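Here the structure is laid out as structure tokens; the discussion comes afterwards.
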Protein chains: 2
Amino acid sequence: MRTSIATVSLSGSLTEKLEAVSRAGFDGVEIFENDLLGCPLAPEQVRGRAADLGLSIDLYQPFRDFDSTSPERLRANLRRAEHKFRLMERVGADTLLVCSNASPDAVTDDDLAAEQLRLLAERAADHGIKIAYEALAWGRHVNTYLHAWRIVRAAEHPNLGNCLDSFHILSRGSDPGGIEAIPGEKIFFLQLADAPLLAMDVLQWSRHYRCFPGQGGFDLTRLLAHVLRTGYAGPRSLEIFNDNFRQADTGRTAVDAMRSLIALEESVSETLPGGASIPPPMQPSQFAFAEIGTSEPTRLGSLLGVLGFARTGEHATKPVELWEQSGARILLNRVLPKAARGETSLVALGLDSPDPKASTARANSLLAPVLPRHRAPDEALLNAVAAPDGTELFFCDATNPLWRQDFSPAAPPDDSTGSVQAIDHVVLAHPWDQFDEAALFYRAVLGLKPHESVEVADPYGLLRSRAMTNTAGTLRLVLNMAKVGTRGLPGQHIALVDEDIRATARRLLDLPERVTLPIPDNYYDDLQARFDLGDEHHRELRELGLMYDRDEQGEFLHLYTLTIGRVFFELVQRIDGYQGFGMINAPARLAAQHAPSSADLPLEQ
Amino acid sequence: MRTSIATVSLSGSLTEKLEAVSRAGFDGVEIFENDLLGCPLAPEQVRGRAADLGLSIDLYQPFRDFDSTSPERLRANLRRAEHKFRLMERVGADTLLVCSNASPDAVTDDDLAAEQLRLLAERAADHGIKIAYEALAWGRHVNTYLHAWRIVRAAEHPNLGNCLDSFHILSRGSDPGGIEAIPGEKIFFLQLADAPLLAMDVLQWSRHYRCFPGQGGFDLTRLLAHVLRTGYAGPRSLEIFNDNFRQADTGRTAVDAMRSLIALEESVSETLPGGASIPPPMQPSQFAFAEIGTSEPTRLGSLLGVLGFARTGEHATKPVELWEQSGARILLNRVLPKAARGETSLVALGLDSPDPKASTARANSLLAPVLPRHRAPDEALLNAVAAPDGTELFFCDATNPLWRQDFSPAAPPDDSTGSVQAIDHVVLAHPWDQFDEAALFYRAVLGLKPHESVEVADPYGLLRSRAMTNTAGTLRLVLNMAKVGTRGLPGQHIALVDEDIRATARRLLDLPERVTLPIPDNYYDDLQARFDLGDEHHRELRELGLMYDRDEQGEFLHLYTLTIGRVFFELVQRIDGYQGFGMINAPARLAAQHAPSSADLPLEQ
């Protein structure tokens, strides 16, 4: 496939954008006019820069309010177009995007629109330029792609064709099936944009909320399949107006963009033969381990100890401890990576993969940075890539966990005190500009299924939270971000399955020092109002400091430890197949975590 | 008037909110349930804390999905209500907000709704509690205030009345005139919220975009007048769900809130007799001066010099220079306030007021901090207050400019080199969370008229910009904020009227060192396409580096200097009554300002 991206999709100067686009592996760009206007380089220099970077200039855009207009306005528009044709010759672009007229005085007359566009195409032909006519979703007269196609067909000029933009088609709820009525050679350009399904003014929706394919709610696979069936052979180009991308890191946005096109192409190749293939996703079956970097290993080890974990191994060559309890494995790395800025942080996840090498190869195809491993001679070979937030993902083999060979036994496992069985889920925290990128990453690279995004009130802002699970429901990741405020990044946490959470809660309360997050009494008053649990059950929850939720399937009991650095633990007990994550309790939990008394864990050996 | 505010309108813990609300002068609060759930204080302690702070607890809210339901659900709801009644007794709240049922299975039956609400009111009466029933704009069955009133009237219970919420009424376009049909004693509560006029899903609009009265597009003056004509004597309460307020400084948001109520009350008292009165607004007629704090006075003075300014005075007791050119006066303060963090910044504005003392008194009534002046014995008394961004506003007397007495003449004014006449407008930059506050401040305190907000693309984000002018159009302020990104705060600038901008531009270009912002050639290519200016005129603009705009009235020529610290100057020439600010040129200008070559002014003496 040929890939392209509109410069408006990225942050920065035109030259910064061209460099990032080239580095991410795109074949070409659409030049968005404002990017050129503010650029100190002459059009010929831009052309040269793009050529040096191996980029074609596939489209110049936008040219607005040309058609369906009065004779006087038409004259001015043709004059304006001549200037742009000359500019396009200088910059080396051979296709001009003309958007359907959105001004209130646009004339409602298809024949007139066709006649005027034919005139424009004739002038364009003199410069070797093609006109790609696009129906804006908010076009005054022409606002559906089939209407734009009828006008193009009526105008009948070889230099006039259509530009299809998935946003303008799908935001209006148009059926993309009709695309197949357009001959492929009359589709001059294809712009692909996704968007979350919002009920709002379509212009504002388009200008601020577009996102890369796979990050929103549109079925772009179906749309692209229809386009390809026409014989369209031009670029798949991304034109994304997004407030976050406007300010995000240019290079990583460009990589995110390219990843979205690779994943989209893969999904289309499942329905169409002949697409480029990449190694198929290997859904991980469970967490092999979670690794925490900490400069307070004694404190953290002490917390793991009271949760029932035993220190069962020490890495042969690195300052890493293995802590285990039944199927839950935590690594404590006594060296913190620089990015953690001195704060105890989750730094890596081990994921059991049916084929670790294939998992790594797929991640690599989807532009995940493969991590170099500084391996001691007899250390196990690990397949590791970096997730968007910097978390290292290790693909492990559950049937042959080579990584354990690096750990010399420190003590025999001792499960006598705890009832933790496994890691239930892991919650990662993302800055605002990496949330959609992360969701696409885990979906595309690991094949996880994204759940609905939910919003959670924090005393100092709003959190957005989205769960990603494998098909079997045995591996759950939750992605959090601070939508607004919340005083910095939300915490990261590891939730542990505890088959007897009541016993654990009681044991933890009996400790001389508090290790669990105190839940306000007011939470329990409200719980009693919401659920008729019976006095005894309710009193027990309150006494033990357990939070409670219920869904159609079953019940959920959970509690939280105090926080060390950025990390805390949750113990969860799912009863009768409860599927959620206790999100309804998150506001009270966040308020408790912000309360001064729980600022940090006092535990120290 | 009695004033109240819902705790959900502010950021922070419940106790932080109560303290800020009290400090801002409110009489009471609505307790939003989530704030209590996450609070470690018992309800009795919250009650005590509020009492200590002089706050009544006017409402407990929300109680959802009570009415229009099945018998089984009703039973559970009554049980839930009993828990809340007991809680309200403990916290000392005597009114419960009940929102109309928004669940998909709500029953469409007015008689049933009335019967169920009557039952609830009977139970509430046993606890001395009143039920205020509110129509949510997205209520399933009941979603208009008159419908809610019909049900309350039918239920006929002394403990049942209505809550009116301006957002739910005006967001649906309901005519607030009908409020007068409701007897005042049946209006148990009044919630006032404004909102920008957005076309979007009403639930999302309500939950994220509400703002304080006067900050949005609703006519709350009219609505409040209708409510007061019913004889309603309860609190005017603010219930504002706003993503910015959730994370903003609690104390300043509370003050902003109170200011909005004072201004609203004033606007209503113009139509209703007997309202509390504050000193009327005194629109400033022009800028007396603009003051820049700088640690680079030589560089800045040199720039002012080449623009044609002369250093005409030195302050008697402070390190402040006066620079003048015709009616434009700039003060250079060689001491930077701490807030400027070492960067040359605009620190004060002198505003010519018809009555400086009255201006100060009004600002004071509207909670603007009056600034203490450290006055030397024979220094002129100045009336000064702090604007939201910390800019000091000095109210001056144009007919008797006492402030000038503090400056001993340094040199006679020399107008020979420049053609600058006056300050045309001043552009202030605000962080995201002070933009609406600032617009309300300048409207309420100075009586300026707000223009439409516009959005401007910056290479690294989006700017929002809003002009505020006096009625005569002789004083213009522009408020900018970084809506997203833009790499820090936008620049501040002083635009100067230049009656011969061509001559000035030519003179500045002839200087040995560049002092004006270079405008990309591509801008002029586009300008030629957009306007048919004639080759000669166009060539001149390009040569001189002048930007151009046109509106229905006339034409606009402008140019920018390079930036020193956060400050730059603009020269503007308005021809034939052009009214705008050349916003269409802002993206190209911003791109030029971000270009590495114009990072800072090389001028040095």
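The values are calculated or read from the model by the stated rules, or taken from the named source; none is laboratory data. Computed from a predicted model, the values in this text were never measured in an experiment. So basically every Cβ, Gly included, is an ideal-geometry build from the backbone, and we count neighbours across all protein chains shown. Quick note on the areas: whole protein, heavy atoms, side chains included, nothing else; ligands and nucleic acids left out. Shrake-Rupley method; radii C 1.70, N 1.55, O 1.52, S 1.80 Å.
Points to keep in mind about this one:
- Protein-only accessible surface order, largest first, of A:S408, B:S4 at 1.4 Å: A:S408, B:S4
- Cα lying deepest toward the dipole's positive end in the stretch B:314-447, options B:V335, B:H425, B:S408, charges on Cβ: B:V335
- Highest to lowest packing among B:257-264, A:126-133, scored as the average C-beta count within 10 Å: B:257-264, A:126-133
- For A:79-91, mean number of other protein chain Cβ atoms within 10 Å: 2
- Using the Karplus relation 6.51 cos²θ - 1.76 cosθ + 1.60 with θ = phi - 60°, the per-residue 3J(HN,Hα) values for the stretch B:321-338 come to 9, 9, 10, 9, 8, 6, x, 9, 10, 10, 9, 10, 9, 7, 10, 8, x, 4 Hz, with x marking Gly and Pro.
- The relative contact order of chain A comes to 9 percent, based on Cα pairs under 8 Å that sit 6 or more residues apart.
- Centroid-to-centroid separation of the stretch B:557-576 and the stretch A:1-72 [C-alpha atoms, Å]: 29
- Computed from backbone phi, the HN-Hα couplings of the stretch B:435-448 come to 6, 5, 4, 5, 4, 5, 4, 5, 5, 6, 6, 9, x, 6 Hz, rounded to whole numbers (Karplus: 6.51 cos²θ - 1.76 cosθ + 1.60, θ = phi - 60°; Gly and Pro given as x).
- Prolate/oblate/rounded call for the stretch B:528-587, Cα gyration tensor, a/c under 1.5 rounded: oblate
- Probe 1.4 Å, protein heavy atoms only - accessible area per residue of the stretch B:426-558 in square angstrom: 37
- Extending 7 Å from the Cα toward the beta-carbon at both A:D110 and B:R172 defines two label points whose distance is 4.1 nm.
- Exceedance of the 23 Å cut-off in Cα-Cα distance is limited, within the set A:K17/B:K483; A:K483/B:K17; A:K338/A:K449; A:K84/A:K130; A:K483/B:K483; B:K318/B:K338, to A:K338/A:K449.
- Charge dipole (the protein assembly as shown, unit charges on Cβ, about Cα centre) - positive-most of A:F245, A:Q191, B:F167: A:F245
- Shape class for the stretch B:440-512, computed from the alpha carbon gyration tensor (a ≥ b ≥ c): oblate, with a/c not under 1.5 and a/b at or below b/c.
- Heavy-atom accessible area order for A:W205, B:W432, largest first, 1.4 Å probe: B:W432, A:W205
- Put a plus charge on the Cβ of each Lys and Arg, a minus charge on the Cβ of each Asp and Glu, and nothing anywhere else: the dipole of the stretch B:458-605 about its Cα centre is then about 760 debye.
- The protein assembly as shown: Rg to Rh, with Rh as the Kirkwood radius over Cα pairs: 0.98
- Distance (nanometres) between label positions extended 7 Å along Cα→Cβ at B:A339 and B:R539: 5.1
- Solvent-accessible surface ranking, highest first, for B:D458, A:D510 at 1.4 angstrom: A:D510, B:D458
- Helix-only arithmetic for chain B: the sum of -39500 (n - 2.57) across DSSP H runs with n ≥ 4, divided by the residue total, places the mean residue ellipticity at 222 nm at -9500 deg cm²/dmol.
- Per the accessible-area calculation with a 1.4 Å probe, the total area buried between chain A and chain B rounds to 3800 Å².
- Neighbours of B:E115, meaning other residues whose beta-carbon lies under 10 angstrom from its beta-carbon, give a summed charge of -3 when Lys and Arg score +1 and Asp and Glu score -1.
- Taking Cα atoms only, the orientation of helix B:220-229 departs from the longest principal axis of chain B by about 40 degrees.
- The protein assembly as shown, accessible surface, carbon-and-sulfur percent (1.4 angstrom probe): 49
- Shown here for the stretch A:444-486: trypsin sites (Lys or Arg not before Pro) in loop regions (DSSP other than H, G, I, E, B) with at most 15 other Cβ atoms within 10 Å, of which there are none.
- Dipole axis of chain B (+1 Lys, Arg; -1 Asp, Glu on Cβ), positive-most option in B:S285, B:T221, B:V347: B:T221
- Solvent-accessible surface (1.4 angstrom probe) belonging to B:H141, in square angstrom, nearest 10: 30
- Given charges at beta-carbon only (K, R positive; D, E negative), |dipole| of the stretch A:61-135 in Debye: 440
- Taking the longest Cα principal axis of chain A as reference, the axis of helix A:14-23 is set at about 60 degrees.
- Centre-to-centre, using Cα atoms only, the stretch B:395-443 and the stretch B:195-243 are separated by 35 Å.
- Members of the stretch B:31-69 that become less accessible by 20 Å² or more once partner protein chains are added (1.4 angstrom probe, chain alone as reference): B:N34, B:L37, B:G38, B:P40
- Around the Cα centre of chain A, unit charges on the Cβ atoms of Lys, Arg, Asp and Glu (plus for the first two, minus for the last two) sum to a dipole of about 1420 debye.
- Nearest-ten-degree value, helix B:521-530 long axis tilted from longest Cα axis of chain B: 70
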